[in-house]
Structure formats: structure tokens, C-alpha cells
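The values are calculated or read from the model by the stated rules, or taken from the named source; none is laboratory data. Here the structure is a predicted model, which is why all the values come from computation and not from measurement. Don't worry about glycine lacking a Cβ; one is built from the backbone with ideal geometry, like all the others, and counts go over all protein chains shown.
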Amino acid sequence: MVTKKLVKRAGVILVALAFVVAPLTACAPSVGSLDQVGQLRNIDGGVALTIPALWAGQASDGSYVGGVEPAEVMVLKHRDNVDPVDLTRIDSSGAGPQWRAATAQAAAVATLMSARDPEEIDLGFSVTGPIDGPSAGGILTVGLLANLTNTPLIPTVAMTGTISPDGTIGEVGGVSTKVKSAAAVGFKTIIVPENSFGVMDEATGKQTGIVEYGKTVGVTVIKVRTVGEAYKIFTGKDYTPELQLSAQPSPSTEAAIRDNCSSMTERLTAAIAAAPAGTDSATLDLAHAAVATMAEATAAQDWPRAYGIGSFAYLRLMRASGGASAQTLVDTAGFEAARAQMTADIDAALTEAISVRDATLATPEDHIEEVVYLPEALGWVTYAIASYGGALDELKLATDAGAIVSAGRVLAEERAGVSEMLDDSLVVLHAMPTQNAYDPTEVQTFLNGYTELLARAGQANVDYYTTLSGSELSADGQFRDDGIMSTVARLEANVAELPEAATLSDSVSNAASTMTYFVMSNGMLSSGQSYGLSIAEDDLRTSAYSGILDASVDASSSTVESFAALLEADGYAVGYPLWSTRWATAAATTYRDTPQSANAAWVALNEAWYDAVGLFMLTAITSVE
């Protein structure tokens, strides 16, 4: 049996891309004032902490304005008939869905990082004015962690930045306006995301770095990547001890990894030989080059790079081959017959995916690590189920051959995910030498709490996105962003219809659905797409955001490595999440400064976000009194 306590464990963490939509005016405080920033105070049922929320926006005359609003984060003892980690009790005057998304994300990440059971606490937020935008996500998370550890904040420090699923701090807009506004009301230190843009001098056309700009307005600007770094600046204390540890896979796990590398080489070679006529030549070239690179990496026993390069090229080739086959189907059968055939094929694949998921869940896992990591491993099939559903919705509205080709691409890639990537994941998962038993009833209750938490955070992300885009998530017959919109819409519907968990297997299945919803809605918010960018990769590489993606992958990988090392030192197996992040990061690193860099980076971020959430959850449930 496992008992739980609050432990101070955070790690090195990462970044999501977002632009801020913020208020143009501020109103008089109602829950506190700036002279209360950083102070903890007792309230009915718990403790409140006042934080400074920075905002910036464009006024009607075109000028940029900003300010600082006092907000409160509250940690309350759980009460009966109150939802655990209550993300709906936001006392505000005009706060919109973007603010709600920031609070939901902060609540989820802080609960995960603080190793708290969401069934034990309620979290609340108060904001004084019509503030909106996700850029307070970072300070909200820092505030919650400080509140949970009964640590006041230094009152002269302010911060801007979004928060990612693994706790890294992401980019925002209007940073220079926020820095200037905070300086004007007496703040001395301003924390900003690591890759914050500088200030352009219109007269000279030259850019001044944000740190240098801060000096001109009398403040110290400090760049950070992680909540842990920000927490130390705000409190003067480490949230996580600096450990010089590196987790390593066990011999049995490494043997499974080697087998996966061998299988992937055979798989990719066979897929090249079987590629249909019309398969994109650039993708075929990518696959041929990957086979050669895999051989080099295998000779060097660099298993993450060998598997990462192979799996990325394999999934890309499956997409291209599926599109080519679908085009041939349209050419030979005509649009209507092709649509009917593609619909039938996807229907069959959907039925098969559900069967695979249920079969995977049919046998109870033996050890706590396998149970907690299984929802993230099931991400391959959970995402496929939603993706198939979204593709069926798109096909109903399709009016041209392009939609059939897109459906073929989705079908082929998701089939590979269900039949092969999931199998590879389960091989590594079950190869871990776990010895830690668990109480099924306790673990089921724990997973149910996190299912609710992640579902609320995912829904808040979707609400924010739909407000930002001005339209609901839905199919349009065009497979926008490779179908990500219709897929997330299906995830939203699937999560809304989750059955009550009667068994532990039900709880694992529900956790897998909400974890995928949380991860993918974050990806959608961060870029408008995940696995396939609609923007040309070459264009992205020439922009500043390419560097942000690269830094994001590095920081996210560091988070997973840190938490894996901490858990391994306590005797817990970490082979699966460590492997998942390492192969995806290796692929992203290899493909930097190439046309594939953006896609490879997003695959790496998705894997690391899954893995970070799994490691956070294991930290929470295995913390022993």
C-alpha cells in the first residue's frame, strides 16, 4: 500500500508558444492591492496568496498599454460536495476564458509538481479586473507552489510567461510593455521567458535585448526556462534540490530497447520497398537516409537516436504512402466511391483500435509504475481513436479529392501508431524490473482525481482556443492542420462522455483519454497544430520561433530526466518514460536546421509532456509518509 505526502520536487522544465490577448484597462482592486503582493493570509478554510499579474494590450489609438493587477491563489482543505481542485470558482470582474485557461493550466501543473492528490485540496483564484490571456500561467503556478509550501514571495518581483504541461515557462507577447509598466509601479525584478523578444528601435531598426531594455527603465530582467527557476527568484529558496543524477535503463529494459531498434529497422526497410506509386519522393529520401543513420547509431549503440530517427521517418512514410494510395483510389474509383471506401476503412480501423485498447487493459498490471505509466503509453491508441472519429466527421463534409487524400494519410499513420508504436511502448513498459506493489482501490481513487483535473484543464484550453479563433472546434471537410481540429473536437466529446469508472481498468482508460486531451489541447493552443504543421517548415526555420521550439525540446527533456533520476533514486522504475522522451528528443535534435525540424520538435514535445505528467503522477502517489 502507498501513502502520500507533499514533497518538494520540481525539475528543470519547458516552454509553449502563445500570444497574449490582454485587457486595455485595469479597474480598482477588490481582492487585494499591490502592497499585499507576496503575502500569505489565512482565509476561511485555507490560505490565500496575492500575486502580481502583468498584462499588456493595444489601445484604440494603436498605442500599447500595460499594467499590473493583484490576483489571489487560494489553497483550501477539501470539503464535501466541492469539486476537487475546483477550477470553476474564479471570483472576477470580467475575467474571460483565456484567464480561466491560465488558471486551469496552473492548477493542473502545480498539483502535479507538488505531488498532491487532487482529492485532498481545492484550489481557487481571484482576479480584480477584466484581465485575460494566458501570460499569467507561470506566476499563477509559482504562487500555488509557494502557497502549498507556506512560502511568501519577495514583493518586488513580478513575472510574465505561460505554463506548459511539464512546468516550463512559455513565450508571451508585449513583454517590453509589461516590463515598463511593472517598473512604473515599483517592481525591481521582472522574470520573463528565456526566449523573450527584445525591443525594436524604429529610428535605427536595431533591436535591444529585453535584459538591456530593463536597465533603461530601472529594473533587472531575468530570463527563465522553468517554474523551478522562477520559484527560486521569487522566494530565495530551491523548490527542488540540485541533484547530479542520471537515470539509466535496467539491463532488461535496454534489451527491449535494442529489440525495438531492430524491429524498427526492418519495419522501415519493408515500408520503403512497399511504398505505392506516387509516394512523395522527399519522404522516401528521408526514409532511405534514416535507414543509413540508424545503422550508424546502432553501431555506436546509440539506441535512442537509432529508434528516434527510424520511428519519425517511418511515421512520415506511412502518412505519405497512405496519401498516395488514397489518391490512386480517387483516380480509379471516383470521388463518391473513394469516400465510401475510405469511410469503411476508417470505421474498421476505429473498431480495431477500440479492441486493441480494451485488450491492453484486460490484464491488470503487476506494479505501481506500470499502472501509472500505462495511460501515457495508451496515448498512441487513445489519440488514434479520436483521430479516426475526426476523420469520419471530415469525410461526411468532404467535397473534393483533397479530403480523401488527407483521410488516407491519417488512416495510415494512426494504424502504424496502434499496431506498432503502441506495441513497442508496451514492450519497454513491461521490461522494467518493477517490484513495487500497490493497493488497487487507492490507485483507482488517485487516477480518478487526476482524470477530473486533466479533463478540466483540457476543457479550459479548448474554451480559450475557441475564443481566440472565434469559432468552435469542428470538422469542415478540409482537414484543417492535418485534422487536428476535428481530432481535438472528438477528444472533447469522448472526454465528456467518459463512463463512471467501476474498475481500475476503467480508471486507467479514462486517465488515458484525459491525459491525451490535456496534452493535445496544449499543443493546439501552442501552435494551432501538433503532428503536422500547416505552416511551411522552411518558413518556420527562418523565424525566431524555430529557436523557441528547439529550446522547448531541450528544457522538456531535462524535466523528464530530472524527475526520472529522483524516482529511480527512491527505487522506482523509470525506463518507459525515460526511453519515450529520449528517442523523441534524439530525433528532434538530429533534424534541427532541416525542413523536418518543426514536425520532429512537436513529436518530441508531445512525448515529453506525456512522460512528465506520468512521472509527476508517480511522484505523487509514491511519496511515503
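Annotations
- Any pair with Cβ under 6 angstrom, 6 or more apart, that starts in the stretch 55-70 at a residue that is at pLDDT below 75 and ends at one that is part of a strand (DSSP E or B): 58/64; 59/65
- Screening 461, 436 for residues that are more than 23 Å from residue 265 (Cα to Cα), out of contact with any strand residue (DSSP E or B) (no Cβ under 8 Å at 6 or more places or on another chain), at pLDDT below 90 and not in a helix (DSSP H, G or I) leaves exactly one candidate, 436.
- Check on residue 116, basic (Lys, Arg) and either at pLDDT below 55 or closer than 24 Å to residue 562 by Cβ (or both): yes
- Selected residue (criterion: nearest to residue 611 (Cα to Cα)) from residues of the stretch 572-591 that are hydrophobic (A, V, I, L, M, F, W, C) and assigned to a loop (DSSP other than H, G, I, E, B): 574
- Condition check for residue 453: in contact (Cβ under 8 Å) with a residue 40 or more places away in the chain, surrounded by fewer than 18 Cβ atoms within 10 Å (Cβ to Cβ) and among the hydrophobic types (A, V, I, L, M, F, W, C): no
- Restricting 505, 474, 513, 521 to residues that are assigned to a helix (DSSP H, G or I), in the same structural domain as residue 408 (by TED's automatic domain parsing) and either over 17 Å from the mean Cα position of the chain (by Cα) or more than 29 Å from residue 404 (Cα to Cα) (or both) narrows the list to 505.
- The one condition in (1) in contact with a helix residue (DSSP H, G or I) (Cβ under 6 Å, 6 or more places away or on another chain); (2) at pLDDT 95 or above that residue 227 fails to fulfil: (2)
- Set 410, 428, 405: member being in a helix (DSSP H, G or I), touching a Pro at 6+ places or on another chain (Cβ under 9 Å), aliphatic (A, V, I, L, M) and within 30 Å of residue 310 (Cβ to Cβ): 428
- In summary, residue 420 fulfils each of the numbered conditions (1) out of contact with any Lys or Arg (no Cβ under 9 Å at 6 or more places or on another chain); (2) modelled with pLDDT of 95 or more with the single exception of condition (1).
- Residue count, the stretch 155-213 (criterion: within 27 Å of the chain's Cα centre (by Cα) and among the basic types (Lys, Arg)): 1
- Consider the stretch 164-180 and keep the residues that are under 30 Å from residue 614 (Cα atoms) and small (Gly, Ala, Ser). The one that is surrounded by the most Cβ atoms within 10 Å (Cβ to Cβ) is 164.
- Close pairs from the stretch 386-412: first among the basic types (Lys, Arg), partner surrounded by fewer than 21 Cβ atoms within 10 Å (Cβ to Cβ) and assigned to a loop (DSSP other than H, G, I, E, B), Cβ under 8 Å, at least 6 apart: 396/477
- Restricting 196, 176 to residues that are in a helix (DSSP H, G or I), outside the structural domain of residue 616 (by TED's automatic domain parsing) and among the hydroxyl-bearing types (Ser, Thr, Tyr) narrows the list to 176.
- Number of the exception - residue 508 against (1) modelled with pLDDT of 95 or more; (2) touching an Asp or Glu at 6+ places or on another chain (Cβ under 9 Å); (3) aliphatic (A, V, I, L, M); (4) farther than 27 Å from residue 113 by Cα: (4)
- Candidates 381, 410: the one that is on the phi < 0 side of the Ramachandran plot, surrounded by 23 or more Cβ atoms within 10 Å (Cβ to Cβ) and either among the charged types (D, E, K, R) or touching a Gly at 6+ places or on another chain (Cβ under 7 Å) (or both) is 410.
- Residue match in the stretch 538-549 (condition: modelled with pLDDT under 90, under 16 Å from the mean Cα position of the chain (by Cα) and in the same structural domain as residue 365 (by TED's automatic domain parsing)): yes
- Subset of the stretch 189-224 [surrounded by fewer than 15 Cβ atoms within 10 Å (Cβ to Cβ), closer than 21 Å to residue 56 by Cβ and out of contact with any helix residue (DSSP H, G or I) (no Cβ under 8 Å at 6 or more places or on another chain)]: 200, 201, 202, 207, 209, 212, 215, 216
- The stretch 551-569, residues that are within 16 Å of residue 115 (Cα to Cα) and buried (at least 24 other Cβ atoms within 10 Å of the Cβ): 559, 560, 562, 563, 564
- Test: residue 491 is of a type in the set (A, V, I, L, M, F, W, C), surrounded by fewer than 24 Cβ atoms within 10 Å (Cβ to Cβ) and either more than 21 Å from the chain's Cα centre (by Cα) or on the phi < 0 side of the Ramachandran plot (or both): no
- The residues of the stretch 386-423 that are of a type outside the set (A, V, I, L, M) and under 22 Å from the mean Cα position of the chain (by Cα), listed by number, are 387, 388, 389, 390, 413, 414, 417.
- Residue 266 being outside the structural domain of residue 561 (by TED's automatic domain parsing) and of a type in the set (Asp, Glu): no
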